[in-house]
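What follows is a short report on a single structure.
Quick note: the coordinates plus some simple rules give every number you see, no bench work behind them. Just so it is clear, the structure is predicted and the values come from calculations on it, not from any experiment. Quick reminder, even Gly has a Cβ in these numbers, built from the backbone with ideal geometry, and neighbours come from all protein chains shown.
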Amino acid sequence: MIDERELDVLINDVYEYYGFDFSGYSHASLKRRVDRVYQMDGFTHFSDFLSKVRSEPEYFKRMVEEITVNVTEMFRDPMFYKVLRNDILPVIGTKPFIRIWHAGCATGEEVYSMAILLKEANLLHKSLLYATDINSIVLNTAKNGVFPLRMMKQYSENYMASGGKKDFSDYYTANYGLAKFGGDLSEKMVFSQHNLVSDRSFNEFDLILCRNVLIYFDKDLQERALNLFDDSLGKLGYLALGTKETIKFSHLHSRYQQFNKEKIWKKIK
Amino acid sequence: MQVLPRLNAIQDFAIVIVLHRKSGEDTTLEELLALKTVIPVQDVEDKTPLEPGYIYIAPSDYHLLFEKDKTLSLDISEKINYSRPSIDVAFESAADIYGEGLTAILLSGANSDGTNGVIAIKQAGGTVIIQDPETADMAYMPKSAINNMTADHIFDVKQIIEFINSI
């Protein structure tokens, strides 16, 4: 297990050697994640670990990929998708063209869920889904739209709980333990690497989803990310966060109106 | 459920509860527990500050972590010991920040989640109390901990209540 001081040294060195700034990440979860790689790769002396990270860019890349990986599922928190389906999409749907940003999309389950929702609302044809993540490996997975078949039962249940009435298996083809989702969904997706710590706004959106990514940031970095989202949202656009995330500590919260008790906010000013 | 109703209001410390709970979006557990105690129950969201005098309950489907600046943070990585929130994760994180200032109480449960956690707490100088398995609905969890480390106290429910009320 590494200690706080060692973590600080690592963060410092990573910034100095590679320009990646992890200083704004929440220390408790960062430490857990670094510990995991540390133990998984069999290190017993921190100095060996540090030295490898410094001198081997390939190892550094692997470390970053391991510590920025996020677990996600399709139609996670079905009630959230139900609200999207019934209350949010009908409003956004009145626009001639819909742009949605999934910030920190990981392996893409959320993006495919959204595409399904849009298709069922007959809005997919005039939508574009931008999916970004700091981690290029998970982005590749997301692009392929291939997920383990054994997860489909859970996803199907989530889908139904969110108000889905179709046969979920119609959306994918099964082969060798894998489920591949249709090209009609992925052709409306654009995937790109983007770092919420350092990169800027690149477009204006009607809906931005960043669910369970901000929990890994400390308050200052969360503020930066929220400002970035604010810059990227049109007036009356929506911001959606994870079920236990909030914008209430941010100075922007007075310009947003929360939708009931959901973690969805509308930009009003 | 037996302990909470008999706790007096607390002043200098906070109580954080980690329960294995079904993932789901209602807060009925928080509401239910709030009804049973005089100590105010604070909702937990990411970066909620820990304040003395309150009870905090780990939300379902997230791991609960403790930060240096006395806030609670959340993590949604894979389940540990089939659990999320995992007691081990919360205990290890708390041990890191609070060290000797921490008292942990491990109660009845169905798996060994919590064993590694109490070991970490002991190593960090904290106090570990384990519910006497004879008095627990599910003895597996306390037994597993007792088999793997030396607790400061092994108490039944009454003794647990007295202990907390005397802090």
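Points worth noting:
- Candidates B:Ser60, A:Val197, A:Met114 compared by Cα position along the dipole of the protein assembly as shown: farthest toward the positive end lies A:Met114, with charges placed on Cβ.
- Using only side-chain charges placed at the Cβ, +1 for Lys and Arg and -1 for Asp and Glu, the dipole size of the stretch A:4-67 relative to its Cα centre rounds to 180 debye.
- Fraction in percent of alpha-carbon pairs per bin - 5 Å, the stretch A:123-269: 2, 8, 14, 18, 19, 16, 13, 7, 2, 0, 0
- The aspartates and glutamates within cross-link reach of B:Lys158, meaning a Cα-to-Cα straight distance under 12 Å and a gap of 8 or more places when in the same chain, are B:Asp132.
- Radius of gyration and maximum dimension Dmax of the stretch B:4-165, Cα, Å: 14.6, 39
- Cα-based helix-to-principal-axis angle, A:152-161 vs chain A, degrees rounded to 10: 50
- The stretch A:4-67: C-alpha gyration tensor shape, a/c 1.5 cut-off, then a/b vs b/c: rounded
- Each Cα pair under 8 Å and six or more residues apart adds its sequence gap; the mean of these over the residue count of the stretch B:1-127 is a relative contact order of 21 percent.
- Degrees, to the nearest 10: A:57-67 long Cα axis against longest axis of chain A: 50
- About its Cα centre, the dipole of the stretch B:4-165 is roughly 300 debye, where the only charges are +1 on Lys and Arg Cβ and -1 on Asp and Glu Cβ.
- Positive dipole terminus of the stretch B:4-165, leading residue within B:Ile154, B:Thr48, B:Leu35 (C-beta point charges): B:Ile154
- Principal-axis tilt of helix A:27-40 within chain A, Cα atoms, nearest 10 degrees: 70
- Under 5 Å, built H, 5+ apart or other chain: amide partners of A:Phe191: A:Ala131
- Loop-located GluC sites (Glu not before Pro) in the stretch A:173-269 (DSSP state not H, G, I, E or B) with no more than 11 neighbouring Cβ atoms inside 10 Å: A:Glu187.
- Projecting the Cα atoms of B:Ser77, B:Asn165, A:Phe181 onto the charge dipole of the protein assembly as shown (Cβ charges, centred on the Cα centre) puts A:Phe181 farthest toward the positive pole.
- Charge dipole of the stretch A:92-152 (Cα centre as origin; +1 on each Lys and Arg Cβ, -1 on each Asp and Glu Cβ, all else neutral): 200 debye, rounded to the nearest 20.
- Other protein chain C-beta atoms within 10 Å of residue C-beta, averaged over B:59-65: 4.
- Set A:Lys82/A:Lys119; A:Lys95/A:Lys266; A:Lys82/A:Lys261; A:Lys119/A:Lys235; A:Lys153/A:Lys180; A:Lys52/B:Lys79 screened for pairs whose C-alpha atoms are more than 18 Å apart: A:Lys119/A:Lys235; A:Lys52/B:Lys79
- Among the GluC sites (Glu not before Pro) in the stretch B:51-155, those located in a DSSP loop and surrounded by at most 12 other Cβ atoms within 10 Å of their own Cβ are B:Glu78.
- Take each peptide in A:124-134, A:163-173, A:251-261, count the other Cβ atoms within 10 Å of every residue, and average; sorted highest first, the result is A:124-134, A:163-173, A:251-261.
- Alpha-carbon Debye profile of chain A, log10 I(q)/I(0) at 0.07, 0.17 Å⁻¹: -0.27, -1.33
- Chain A - mean residue ellipticity at 222 nm from DSSP helices (-39,500 (n - 2.57) per run, n ≥ 4, rounded to 500): -11500 deg cm²/dmol
- Contact order for chain A, expressed relative to its length and based on alpha carbon pairs under 8 Å spaced 6+ residues apart, stands at 17 percent.
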